[in-house]
Amino acid sequence: MKQQLHAFFTKNYAEIIYQLLVSVALFFFYSFIQEEGIYNSEAIQKWIPYKIAFFGNYMVAAMFINYVLLPKLYSRKRFGLFFTSVALLIILVILTDEFFLEKIYFPETRGTYFPGVFFTLVETLPLIIFYMGFKFAWDYNKKQSEIEKLKVLVKDSELQFLKSQINPHFLFNNLNNLYAYALEESPKTPTIILELSSVLRYMLYDCKEDFVPLPKEVEHLKNFTELYKLQIEHRGDIQFHTNVAASEYSIAPLILMVFIENAFKHSTNSQSEGIEIEIAITVSQTGVLNFICKNGFSPLDQKGNTSRGIGILNVRKRLELLYPNAHTLEITNTDTVFNVALKMQLKPIGQ
């Protein structure tokens, strides 16, 4: 029993303190409703005890409503039984007031008659309603806090799920390419393995946080691009431009990589020669990142659409979650060129 009480007070200490402060405030409010003759000595002697007694009667009733009737009946949508119980409880409070407390403290005056239901309700209901109002306010704030925590958990879970979809997608494509080079016994196979190892190390270990330093992410994208350039060799022209070597901003990892991967995938799948890919990553002094990725493709490739696919859908979702109202993404294409333009407001490292 002692352990249960300790656990209860430990779990609900904040609400207990809140209710104590509410009770003190309401008691002072109730007590300073002065009555005629309160300043004579006999009245002062009686004032504190009777105020405490009457206030205690109302407080017990309010607590019973807040912590028994509300959770047991109202929260379970048993409204009829709830309002009936509240009505019976208020009748019990009135009977205790008029036929017990009044006769103890005012046996020759107020205790000799019943002032009427309306008068008694006016005296009884305000305090009970105040108590219930403060209880509803506490429960509302608590529920809002729980909702916010739940939103954070859902957001984190969704982001982890989206990341888990991106990594196998990348690995699947590059292992296929590596397998093809191994079959041909290409001398570049060991170099490709090292580049792939470097990229995977970043994806598996260095980008576990929601945000990483922008220079680190860009360095990863350079390595990623070099991995594909080894495969393309003399079949095309790959350009990578950036000005973020000393940037103090952070970015959500693996967002830009999906666009670059798609550019290589659609270009190499549709063209054997004349592959052209241009990547530009710049950031302004105010932290606005501009990302441009252009790639050519053959008009005969009907599947070459970078605006579709699980990778692009994941990026759009991550941008909505991590950069709400702080990014614009445009994916357009002509007959032979795909163009991705992403603008996003970054945050300084550590924020």
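The values are calculated or read from the model by the stated rules, or taken from the named source; none is laboratory data. As the structure is a computational prediction, the values presented were derived from the model and not from experiment. Cβ coordinates were reconstructed from backbone atoms using ideal geometry, including for glycine residues, and neighbour counts include every protein chain displayed.
Tell me which of these E219 doesn't satisfy, since it passes every other one: (1) surrounded by fewer than 22 Cβ atoms within 10 Å (Cβ to Cβ); (2) assigned to a loop (DSSP other than H, G, I, E, B).
Going through (1) surrounded by fewer than 22 Cβ atoms within 10 Å (Cβ to Cβ); (2) assigned to a loop (DSSP other than H, G, I, E, B) one by one, E219 breaks only (2).
Tell me the residue from I277, I260 that is assigned to a helix (DSSP H, G or I) and either in the same structural domain as K343 (by TED's automatic domain parsing) or of a type in the set (F, W, Y) (or both), please.
On the way: I277 fails: assigned to a helix (DSSP H, G or I).
The match here is I260.
Does Q45 fit the bill of being modelled with pLDDT under 70 and more than 16 Å from L89 (Cβ to Cβ)? Please lay out each step first, then the result.
Working: modelled with pLDDT under 70: yes; more than 16 Å from L89 (Cβ to Cβ): yes.
The answer is yes for Q45.
Identify, by number, the condition in (1) buried (at least 22 other Cβ atoms within 10 Å of the Cβ); (2) at pLDDT 85 or above that F264 doesn't meet.
(2)
Quick one: in region 336-346, which of the residues that are touching a Gly at 6+ places or on another chain (Cβ under 7 Å) and part of a strand (DSSP E or B) is nearest to S247 (Cα to Cα)? Full working, then the answer.
Within region 336-346, the first condition is being touching a Gly at 6+ places or on another chain (Cβ under 7 Å), and the residues that meet it are 336-337, 345-346.
From what is left, the residues that are part of a strand (DSSP E or B) are 337, 345.
Working: V337: 30, Q345: 13 Å.
Per the stated criteria, the residue is Q345.
Out of region 207-216, which residues are surrounded by 14 or more Cβ atoms within 10 Å (Cβ to Cβ) and free of Cβ contacts under 8 Å to residues at least 24 places away in the same chain?
If the condition is that a residue be surrounded by 14 or more Cβ atoms within 10 Å (Cβ to Cβ) and free of Cβ contacts under 8 Å to residues at least 24 places away in the same chain, then K216 is the only one that fits.
Can you go through V244, V283 and tell me which one is at pLDDT below 85 and more than 19 Å from A180 (Cβ to Cβ)? So that I can check it myself, show each step before the final result.
Values: V283 fails: at pLDDT below 85.
Of V244, V283, the one residue that is at pLDDT below 85 and more than 19 Å from A180 (Cβ to Cβ) is V244.
For region 239-252, how many residues are touching an Asp or Glu at 6+ places or on another chain (Cβ under 6 Å) and closer than 19 Å to V315 by Cβ? Working first, answer last.
To start, the set of residues in region 239-252 that are touching an Asp or Glu at 6+ places or on another chain (Cβ under 6 Å) comprises 239, 251.
Next cut, closer than 19 Å to V315 by Cβ only: 251.
Matching residues across region 239-252 total 1.
Quick one: is F297 at pLDDT 85 or above, assigned by TED's automatic domain parsing to the domain that holds F259, at negative phi and aromatic (F, W, Y)?
Details: at pLDDT 85 or above: no; assigned by TED's automatic domain parsing to the domain that holds F259: yes; at negative phi: yes; aromatic (F, W, Y): yes.
Against the criterion (at pLDDT 85 or above, assigned by TED's automatic domain parsing to the domain that holds F259, at negative phi and aromatic (F, W, Y)), F297 does not qualify.
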